[in-house]
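One structure below.
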Amino acid sequence: MPRLSYRRALTRALADEMTRDDSVVVLGEDIRVAAANVTTGLLKKFGPERVRDTPLSEQAFTSFATGAALAGARPVVEFQIPSLLFLVFEQIVNHAHKFPLMTGGQCAVPVTYVVPGSGSRTGWAGQHSDHPYALFAHVGVTTVVPATPADAYGLLVSAIRCDDPVVVFAPAGALDLRADVTDLVPVPLGRGIVRRAGTDVTVVAVGHLVHDALAVAEELAGQASVEVFDPRTLYPFDWDGLVESVSRTERLVVVDDGNRSCGIAGEIIATVVERARLAAPPRRVTRPDGAVLPFAPALDRAVQPGRDQLAAAIQLTLKDG
């Protein structure tokens, strides 16, 4: 198979699942013209009944997707901007997520919410640059953040096949990545993966930051053996896989492109401390507390976690203990 981009992997997953299952439909704003370049070609292949442009009302079409799922469809909803998830938190969390639980499993709500371009890298300003995956993990909605084209395909496929709501965050920093992919297969939800084996410290990296972590691990190869753990799914989290890694290295650093307070990095550290012995205090590299990203590209990038910060955190952790 030729080199596949992350963005095209998402497109391929949608097309394959729509071919496999007639109940899969895609809806969102300007998806027929593929405004986010993820739904390219779907209208021509599957027609207007299964590729539905929606009015400019996130609450309306997110509620519509819940009703469609209750009636037997498997909707995939595309959001152009991650901050729009704040508008539909009620529809996803209080309705789609809770209906199966509050009815004792008498209904299923198999909706997939796809957020292509989550976060920012090129100056999208304050109301377009959020990465709110920690909010959905907090309330127990299945939440995935693929780092590679193969995982973008495999996790989206698994999300569409899941009978519960799933939010798929496709980070802006990963969308244009390309990789040689030998096989496109579903990736199980809730299972992390060690991207690089190491013995001195475990680095947990979320989404596109996996590639930064791998680059830093290579830069530090002469000084330390860095293991890179990619959780892939933030809820449910693969705690057993991570604890196995940390139990060997006895050191932990987390790099996460979310705000520091109440972020997923803090939860990862707290849970590992409860379950594993560490030889040094854990460290986290994140956006600052309450960060709102500026429009200026240089300031945008300055607010986000970077390789220099990660390398410094790793070195400090290795010196401690």
Query raised in the report: Quick check, is Ile92 of a type in the set (Val, Ile, Thr), crowded, with 22+ Cβ neighbours inside 10 Å and under 19 Å from the mean Cα position of the chain (by Cα)?
Result: yes
Query - Among (1) part of a strand (DSSP E or B); (2) crowded, with 23+ Cβ neighbours inside 10 Å, the one test that Ser158 misses - result: (1)
Requested in this report: Give me the pairs, please: first residue somewhere in region 36-48 and within 13 Å of Val24 (Cβ to Cβ), second residue anywhere and hydrophobic (A, V, I, L, M, F, W, C) and part of a loop (DSSP other than H, G, I, E, B), beta-carbon distance under 7 Å, and either six or more positions apart or on two chains.
Outcome: Thr39/Ile31
Query raised in the report: When you scan region 1-24, how many residues do you find that are open to solvent by less than 30 Å² (accessible area, probe 1.4 Å) and β-branched (Val, Ile, Thr)?
Result: 2
**Report entry** Output for region 135-154, where each listed residue is of a type in the set (A, V, I, L, M, F, W, C), open to solvent by 10 Å² or more (accessible area, probe 1.4 Å) and over 26 Å from Leu70 (Cα atoms)
**Finding:** Ala150
Query raised in the report: Between a first residue in region 115-134 that is charged (D, E, K, R) and a second residue that is part of a loop (DSSP other than H, G, I, E, B), which pairs have beta carbons less than 6 Å apart while being 6 or more apart in sequence or on different chains?
Result: Arg121/Ala172; Arg121/Gly173
Requested in this report: Looking at (1) in contact with a Ser or Thr (Cβ under 9 Å, 6 or more places away or on another chain); (2) open to solvent by less than 60 Å² (accessible area, probe 1.4 Å); (3) of a type in the set (Ser, Thr, Tyr), find the lone condition where Tyr235 falls short.
Outcome: (2)
Query raised in the report: From the list Phe46, Phe79, Phe99, Phe64, which residue is open to solvent by less than 10 Å² (accessible area, probe 1.4 Å) and either under 21 Å from Arg161 (Cα atoms) or in contact with a strand residue (DSSP E or B) (Cβ under 9 Å, 6 or more places away or on another chain) (or both)?
Result: Phe79
Query - Val255 vs. criteria under 22 Å from Pro282 (Cβ atoms), in a strand (DSSP E or B), touching a residue at least 40 places away in the same chain (Cβ under 8 Å) and open to solvent by 10 Å² or more (accessible area, probe 1.4 Å) - result: no
Requested in this report: Could you figure out which of (1) surrounded by fewer than 17 Cβ atoms within 10 Å (Cβ to Cβ); (2) in contact with a Pro (Cβ under 8 Å, 6 or more places away or on another chain) isn't true of Gly119?
Outcome: (1)
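Here is a yes/no grid of residues against (1) of a type in the set (S, T, N, Q); (2) without any contact (Cβ under 8 Å) to a residue 12 or more places away in the chain; (3) farther than 19 Å from Leu252 by Cβ:
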position: Arg161; (1), (2), (3): no, no, yes
position: Val167; (1), (2), (3): no, no, yes
position: Thr182; (1), (2), (3): yes, no, yes
position: Gly192; (1), (2), (3): no, no, no
position: Thr199; (1), (2), (3): yes, no, no
position: His211; (1), (2), (3): no, no, yes
position: Gln223; (1), (2), (3): yes, no, no
Requested in this report: Can you work out which of the residues in region 185-211 that are open to solvent by 10 Å² or more (accessible area, probe 1.4 Å) and not in a loop (DSSP other than H, G, I, E, B) is farthest from Val139 (Cα to Cα)?
Outcome: Arg196
Query raised in the report: Is at least one residue of region 175-184 crowded, with 24+ Cβ neighbours inside 10 Å and of a type in the set (Val, Ile, Thr)?
Result: no
Query raised in the report: Do we find that Gly28 is surrounded by 21 or more Cβ atoms within 10 Å (Cβ to Cβ) and at positive phi in this structure?
Result: yes
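The values are calculated or read from the model by the stated rules, or taken from the named source; none is laboratory data. Just so it is clear, the model here is predicted, and its values are computed rather than measured. With ideal geometry, Cβ positions are generated from the backbone for all residues, glycine too; neighbour counts draw on all protein chains shown. Side chains included, ligands, DNA and RNA excluded: accessible areas come from the protein's heavy atoms. Shrake-Rupley method; radii C 1.70, N 1.55, O 1.52, S 1.80 Å.
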